[in-house]
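Participant: I'd like to ask some things about the structure below.
The values are calculated or read from the model by the stated rules, or taken from the named source; none is laboratory data. A quick note: this is a predicted structure, and the numbers were derived from the prediction, not measured. Backbone-built Cβ (ideal geometry, glycine too); neighbour counts: all protein chains shown. Surface accessibility is based on the protein's heavy atoms, side chains included, excluding ligands, DNA and RNA. Shrake-Rupley method; radii C 1.70, N 1.55, O 1.52, S 1.80 Å.
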Amino acid sequence: MAIQLGDIAPDFTQESTEGTIKFHEWLGKSWGVLFSHPKDFTPVCTTELGFAAKLKGEFEKRHVKILAVSVDDVASHKKWTGDIEETQKTKLNYPILGDPDRKVANLYGMIHPNANDTLTVRSVFFIDPNKKVRATITYPAATGRNFDEILRVIDSLQLTDSHSVATPANWKDGDDVIIVPSIQDPEVLKQKFPKGFKALRPYLRVTPQPNK
Ligand code: BEZ
């Protein structure tokens with residue numbers, strides 16, 4: 001059965017370029033992003049791993065640990081790391097899991113046999129501090145991921161967890177947000193949204209982002 005939103009992210013122990021990782025213990029109280037790569041020494045993955053390394057500070061600001069996985073072994077990842085660092089002009093500053101036994105790929109349903117029966121697709125799992133899967137994204141092997149979108153999803157998850165809002169189409173941090181329809185009491189609205197709101201429809205109420 002595929003992993004669904006709200007499920008507990010499956011735990012595992014697996015070797016990585018930074019030693020053995022017991023996943024839940026490694027996450028601790030952080031958010032996590034687990035993202036899969038079809039294969040080592042492939043061009044799109046090389047750019048993605050380098051790009052993610054450059055964004056490490058942005059992930060840290062949001063209390064997110066990032067973890068890559070590719071079905072090759074750790075020795076292969078370590079050889080590939082040199083290429084990634086040289087071509088992408090960055091240091092790899094987070095672990096890549098070896099997964100030659102496909103333990104993680106199978107636990108997370110990262111192999112889609114009708115796309116390819118040995119390589120993983122490009123999956124992204126967003127995991128909250130309670131170890132719940134809160135969002136997933138899946139791209140095919142030939143389409144590199146948009147890491148700005150990954151940060152944007154984290155911003156939305158963290159904002160909507162702490163305020164009674166939802167984020168509209170193409171929202172990015174700092175843009176106006178939508179008040180969730182369940183908040184109707186005028187006193188609660190005043191207290192939660194002191195900057196006021198515009199009711200375009202009774203169900204569509206727009207307010208400045210409350211934590212800005
Ligand atoms: C890549 O990462 O470049 C790639 C991997 C598998 C298939 C196609 C592209």
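Participant: Using a probe radius of 1.4 Å on heavy atoms only, what accessible surface per residue do you get for the chain? Whole Å² is fine.
Facilitator: Numbers: 10970 Å² over 212 residues.
Spelled out: the 1.4 Å probe surface of the chain, per residue, equals 52 Å².
Participant: Still on this structure, please answer the following. Only four residue types carry charge here, +1 at the Cβ of Lys and Arg and -1 at the Cβ of Asp and Glu. Report the dipole size of segment 11-84 about the Cα centre in Debye, rounded to the nearest 20.
Facilitator: Roughly 300 debye for segment 11-84.
Participant: Points 7 angstrom from Cα along the Cβ direction at Thr160 and Lys195: gap in nanometres?
Facilitator: 1.9 nm
Participant: Looking only at the chain, where both bridge partners belong to it, what percent of the DSSP beta bridges are antiparallel (to the nearest 5)? Walk me through the numbers before you get to the answer.
Facilitator: On the way: 23 of 33 bridges.
Percentage antiparallel, nearest 5: 70.
Participant: Cα-Cα over 23 Å: which of Lys172/Lys198; Lys65/Lys131; Lys89/Lys131? Can you show the working numbers first?
Facilitator: Values: Lys172/Lys198 19 Å; Lys65/Lys131 12 Å; Lys89/Lys131 33 Å.
Over 23 Å apart, Cα to Cα: Lys89/Lys131.
Participant: About its Cα centre, what dipole magnitude does the chain give when the only charges are +1 on Lys and Arg Cβ and -1 on Asp and Glu Cβ, stated in debye to the nearest 20?
Facilitator: That gives the chain a dipole magnitude of about 780 debye.
Participant: I would also like to ask the following. Between 0 and 90 degrees, rounded to the nearest ten: what's the tilt of helix 147-162 against the longest Cα principal axis of the chain?
Facilitator: Once rounded, the angle reads 40 degrees.
Participant: Moving on. Could you work out how far helix 74-88 tilts from the main Cα principal axis of the chain, as a 0 to 90 degree angle to the nearest 10?
Facilitator: Long axis of 74-88 versus the principal axis of the chain: about 60 degrees.
Participant: May I ask you to list the chymotrypsin sites (Phe, Trp or Tyr not before Pro) in segment 163-212 that are in a DSSP loop and have at most 14 other Cβ atoms within 10 Å of their Cβ? It would help to have the intermediate numbers written out before the result.
Facilitator: Details: sites: Trp171, Phe197, Tyr203; in loops: Trp171, Phe197, Tyr203.
Here the sparse-neighbourhood loop sites are Tyr203.
Participant: Between Asp185 and Val44, what FRET efficiency comes out of the Förster formula 1/(1 + (r/R0)^6) with R0 = 41 Å and r the beta carbon distance, rounded to 0.05?
Facilitator: It comes to 0.25.
Participant: Within segment 135-188, report the trypsin sites (Lys or Arg not before Pro) that DSSP leaves as loop and that have at most 13 other Cβ atoms within 10 Å.
Facilitator: Values: sites: Arg145, Arg152, Lys172; in loops: Arg145, Lys172.
Here the sparse-neighbourhood loop sites are Lys172.
Participant: Then there is this: Run through segment 6-83 and list the trypsin sites (Lys or Arg not before Pro) located in a DSSP loop whose Cβ has at most 13 other Cβ atoms within 10 Å. Walk me through the intermediate numbers first.
Facilitator: Numbers: sites: Lys22, Lys29, Lys39, Lys54, Lys56, Lys61, Arg62, Lys65, Lys78, Lys79; in loops: Lys29, Lys39, Arg62.
Answer in residue order: Lys29.
Participant: Further question on the same structure: Measure off 7 Å from each Cα along the Cα-to-Cβ vector at Lys132 and Leu204, then give the distance between these two points in nanometres to one decimal.
Facilitator: 2.9 nm
Participant: What is the distance in Å between the Cα centroid of segment 125-152 and that of segment 65-81?
Facilitator: Segment 125-152 and segment 65-81 have Cα centres spaced 18 Å from each other.
Participant: With θ taken as phi - 60° and the coefficients 6.51, -1.76 and 1.60, list the Karplus ³J(HN,Hα) couplings across segment 35-52 in order, rounded to whole Hz; mark glycine and proline as x.
Facilitator: So the Karplus estimates, Gly and Pro as x, are 9, 9, 10, x, 5, 6, 6, 10, x, 5, 4, 4, 5, 5, 5, x, 5, 4 Hz.
Participant: How much of the DSSP beta bridge set in segment 10-101 is antiparallel, as a percent to the nearest 5?
Facilitator: Details: 5 of 15 bridges.
The antiparallel fraction comes to roughly 35 percent.
Participant: Using a simple spin-label model with points 7 Å from Cα along the Cα→Cβ vector, what separation in nm is obtained for Leu5 and Thr118?
Facilitator: Between Leu5 and Thr118, the simple spin-label model gives 3.6 nm.
Participant: So which residue, out of Leu34, Leu200, Leu157, gets the largest mean-square fluctuation from a GNM of the chain using Cα contacts under 10 Å as springs?
Facilitator: Leu200
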